[in-house]
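For reference, the structure discussed in these notes is given below.
The values are calculated or read from the model by the stated rules, or taken from the named source; none is laboratory data. Note that the structure is a prediction, hence the values are computed from the model and not measured. Cβ atoms come from the backbone with ideal geometry, glycine included; neighbour counts cover every protein chain shown.
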Amino acid sequence: MNQLCLLVDCNSDDSHDNFQALVDKEDLVVLPTFVSMEEAFPMLETGNVVAMVVFASQANGDVLRLLECFRRCVGAIPHFQAIVCDEPQPIILSQVYEFGVEEFFSSTSWVQQSLELCKSASLIIQDRDSPETRIIEMNRAVMTGDQNKILAAKERLSDMAGYDYLASYSQGVALQSVGQFGDAIESFRQSTSLNRMFRPSISGVGENLLVLGQTDEAIAVFKDLEKLNKRSLDRKANLAMAYLEKKDLTSAKKYLFEAQALDPKHVKIDEIKAMLLLSQGQVKEAFAMMDKLHDVGPFFAAKLNEMGIRLSQKGKGKSALALYKKAHKIVKTELRHKISLNAALACYRMGEYPLAIKYLNRSDKEYGEAFPKTKKIRAAIAAQMANSNRDSEAG
């Protein structure tokens, strides 16, 4: 099956025709495809894209969101990405570097360079054991949410992680996706030791420290990176969340406003606003804000799970279930099985055993097999239902 290299927002001119004429002479596995910015996002989600060339004179919000989407769906592979930009300024260099992009083509050279990128990618992905092929497989496994597929893809990277910074970074992404945050930090640190200039790995360390509650250490990582580039929305969003965790609303709002100034349309802006509203007890308003969210990461997902558990333990099962229903719609695919598990527990505490079993079934399906914790809950439900039947017979 052919894979695609997206050429995003290319102006239709003579060079476009020249490029197509050269492509027609080649036997490529990675086929270049001209698309608009709007078309590129859903195409990345299909799992058929392995490379991308973006025509952009500046790193605006759309461009950065596209690079973010490529990193999530394909991987942070520098030599599978490029920007076409004459005389790139320091701002665009520092911003795209956050996503591992290192290649810049000019308006006069892009035809031959893009063709060479497609030819090189075609050769690489035909090797099932190349680091790039394994990285792409791993990211596609994460998109399914199936924990077994993710772990199997992670194992395929493990023998390369000791010497390949992209393999160790991608292994960290896999470990983070299955909730092994401490191990993810070690993989990201290993990647950083192999390439100290690769910022996605350094950011990965900070993000997982934040999930583990090591907030001060996470802030230190993010602030060090801020010195290198003060225009990273992701980093300002992480700093805002970290300061919310410390209940420092002044600092949290500062970084929220700075992130919003960079890209007011980014989904992370609404994520921070929702967290801010929850921290101030404005649950109704937070729920309304959450309707705008998607692909929420492990930090906010963990906070929603914690809130649901507290509600359930306090006997507010219906409120907990409403929260879990909302959370399940907005978190990343690989995080949904935990939401379903906690929804099952809330139903169990309310004595809604058939509904609890329904959520357990969903959790197992999302996990990829029987999730270890669901077995214990099923046994507890079976015992409760047996007791209820005996009580009915005695009556």
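Summary table
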{"quantity": "Test: Lys303 is out of contact with any Pro (no Cβ under 6 Å at 6 or more places or on another chain), modelled with pLDDT under 95 and under 24 Å from Ala174 (Cα atoms)", "calculated": "yes"}
{"quantity": "Tally of residues being surrounded by fewer than 16 Cβ atoms within 10 Å (Cβ to Cβ) and basic (Lys, Arg) across the stretch 190-205", "calculated": "1"}
{"quantity": "Pairs, first farther than 14 Å from Tyr255 by Cα in the stretch 266-277, second among the small types (Gly, Ala, Ser), C-beta under 6 Å, six or more apart", "calculated": "Ala274/Ala286; Leu277/Ala286"}
{"quantity": "Those helices (runs of 4 or more DSSP H) lying entirely in the stretch 1-103 with at least 3 residues touching a Lys or Arg at 6+ places or on another chain (Cβ under 7 Å)", "calculated": "90-97"}
{"quantity": "Cross-chain or 6+ apart pairs with Cβ under 6 Å, the stretch 193-209 first and basic (Lys, Arg), then not in a helix (DSSP H, G or I)", "calculated": "Arg199/Glu98"}
{"quantity": "Which numbered condition Gln95 fails, given (1) buried (at least 17 other Cβ atoms within 10 Å of the Cβ); (2) at pLDDT 95 or above", "calculated": "(2)"}
{"quantity": "Residue that is surrounded by the most Cβ atoms within 10 Å (Cβ to Cβ) [pool: residues in the stretch 221-234 that are among the charged types (D, E, K, R) and without any contact (Cβ under 8 Å) to a residue 60 or more places away in the chain]", "calculated": "Glu226"}
{"quantity": "Cross-chain or 6+ apart pairs with Cβ under 7 Å, the stretch 357-384 first and of a type in the set (D, E, K, R), then exposed (fewer than 14 other Cβ atoms within 10 Å of the Cβ) and in a helix (DSSP H, G or I)", "calculated": "Glu369/Asn148"}
{"quantity": "Which listed residue is touching a residue at least 24 places away in the same chain (Cβ under 8 Å), in the same structural domain as Asp9 (by TED's automatic domain parsing) and out of contact with any Asp or Glu (no Cβ under 9 Å at 6 or more places or on another chain), from Phe55, Phe105, Phe99, Phe80", "calculated": "Phe105"}
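Table: residues versus (1) at pLDDT 95 or above; (2) within 19 Å of the chain's Cα centre (by Cα); (3) within 20 Å of Ile92 (Cα to Cα).
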position: Arg199; (1), (2), (3): no, yes, yes
position: Gly204; (1), (2), (3): yes, yes, no
position: Asn229; (1), (2), (3): no, no, yes
position: Lys236; (1), (2), (3): yes, yes, yes
position: Leu239; (1), (2), (3): yes, yes, no
position: Lys246; (1), (2), (3): yes, no, no
position: Lys254; (1), (2), (3): yes, no, no
position: Phe257; (1), (2), (3): yes, no, no
